Amino acid sequence: VNGTALEFDDVSTGEKRSLTATRSDSGTSTVYGGDNNGTSFTLTVTPGACNDGMSDNTYPWTSTFVYGEASFTGCANPH
């Protein structure tokens, strides 16, 4: 995330998407949402400890990205 620009790399397919979103703050969560050629998407970032399971690193936020019917969960780190 860079402002309202989102870059998504799907490691399972190798597909990369550049998305433009609107940002809204909802309680403690930040939600980015939009539409990409008729496919809606949301990225929700919420404070909370998250371990990625691969590197044993702990991150301060959790994230959920929904793109159409696909859903991805993971960790987030402020830059």
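The values are calculated or read from the model by the stated rules, or taken from the named source; none is laboratory data. The structure displayed is predicted, hence computed values, not measured ones. All Cβ positions, glycine included, derive from the backbone under ideal geometry; neighbour counts span all protein chains shown. These area figures cover heavy atoms from the full protein model, side chains too; ligands, DNA and RNA do not enter into them. Shrake-Rupley method; radii C 1.70, N 1.55, O 1.52, S 1.80 Å.
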> With respect to the numbered conditions (1) at pLDDT 95 or above; (2) open to solvent by 90 Å² or more (accessible area, probe 1.4 Å); (3) out of contact with any Gly (no Cβ under 7 Å at 6 or more places or on another chain), which one is the sole condition not fulfilled by ASN37?
Replying inline: (1)
> What strands (runs of 3 or more DSSP E) lie completely within the stretch 1-47 and have 2 or more residues being β-branched (Val, Ile, Thr), free of Cβ contacts under 8 Å to residues at least 40 places away in the same chain and closer than 23 Å to PRO60 by Cβ?
Replying inline: 29-36
>> What's the total number of residues in the stretch 49-63 that are out of contact with any strand residue (DSSP E or B) (no Cβ under 6 Å at 6 or more places or on another chain) and in a loop (DSSP other than H, G, I, E, B)?
In response: 5
>> Restricting to the stretch 64-79, name every residue that is surrounded by 11 or more Cβ atoms within 10 Å (Cβ to Cβ), within 23 Å of ASN37 (Cα to Cα) and in contact with a strand residue (DSSP E or B) (Cβ under 7 Å, 6 or more places away or on another chain).
In response: THR64, PHE65, VAL66, TYR67, PHE72, THR73
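Out of GLY27, GLY3, which single residue is at positive phi, open to solvent by 80 Å² or more (accessible area, probe 1.4 Å), small (Gly, Ala, Ser) and out of contact with any helix residue (DSSP H, G or I) (no Cβ under 6 Å at 6 or more places or on another chain)?
GLY27
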